[in-house]
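The values are calculated or read from the model by the stated rules, or taken from the named source; none is laboratory data. This is a predicted model, so every value here is computed, not measured. Methodologically, a virtual Cβ is constructed for each residue, glycine included, from the backbone with ideal geometry; neighbour enumeration extends over all protein chains shown. SASA here: full protein model, heavy atoms, side chains in, ligands and nucleic acids out. Shrake-Rupley method; radii C 1.70, N 1.55, O 1.52, S 1.80 Å.
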Amino acid sequence: MSLAFLFPGQGSQAVGMGQELAAAFASAREVFEEVDEALQQKLSALMRDGPEDQLTLTENAQPALMA
């Protein structure tokens, strides 16, 4: 049996990403809060609400995908 790991890359981000996870799981909300604190910005709001042109910037897309 083969095993493969797939990771999303740049271009996988989309406005609304993570919203369902945050609504369903406290642990997901905690991750988003930690990322917001570490970056000293509301990346979670950008992920949830956009605008898309800001979310697709590398400095936002990379940590959004990591979160």
Practice problem: Sketch the reach of a paramagnetic label on Val15 as a point 7 Å from Cα along Cα-to-Cβ, and name the residues of segment 32-57 whose backbone nitrogen lies under 18 Å away. | Solution: 42-57
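Report, to two decimal places, the Cα Rg of the chain normalised by 2.2 N^0.38 Å (N = number of residues).
Working: Rg = 12.6 Å, N = 67, 2.2 N^0.38 = 10.9 Å.
Taking N as the residue count of the chain, the ratio is 1.16.
What size of dipole, in debye to the nearest 20, comes out for the chain about its Cα centre when the only charges are +1 on Lys and Arg C-beta atoms and -1 on Asp and Glu C-beta atoms?
Numbers: 3 positive and 10 negative charges, 35 e Å.
Dipole magnitude for the chain comes out near 180 debye.
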Practice problem: Quick one: compute the contact order of segment 17-56, relative version, from alpha carbon pairs under 8 angstrom and 6+ residues apart, as a percent. | Solution: 33 percent
Self-check item: Per residue solvent-accessible surface (Å²) - the chain, probe of 1.4 Å
Solution: 74 Å²
Self-check item: Using a Förster distance of 22 Å, the FRET efficiency for Ala23-Glu59 (Cβ separation, nearest 0.05)
Solution: 0.25
Quiz item: What part of the accessible area of the chain, given as a whole %, is carbon or sulfur when the probe is 1.4 angstrom?
Solution: 55 percent
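How high is the relative contact order of the chain, given as a whole-number percent (alpha carbon pairs under 8 Å, six or more residues apart)? Numbers along the way, then the final one.
Details: 59 pairs, mean separation 28.3, N = 67.
About 42 percent, as a whole number.
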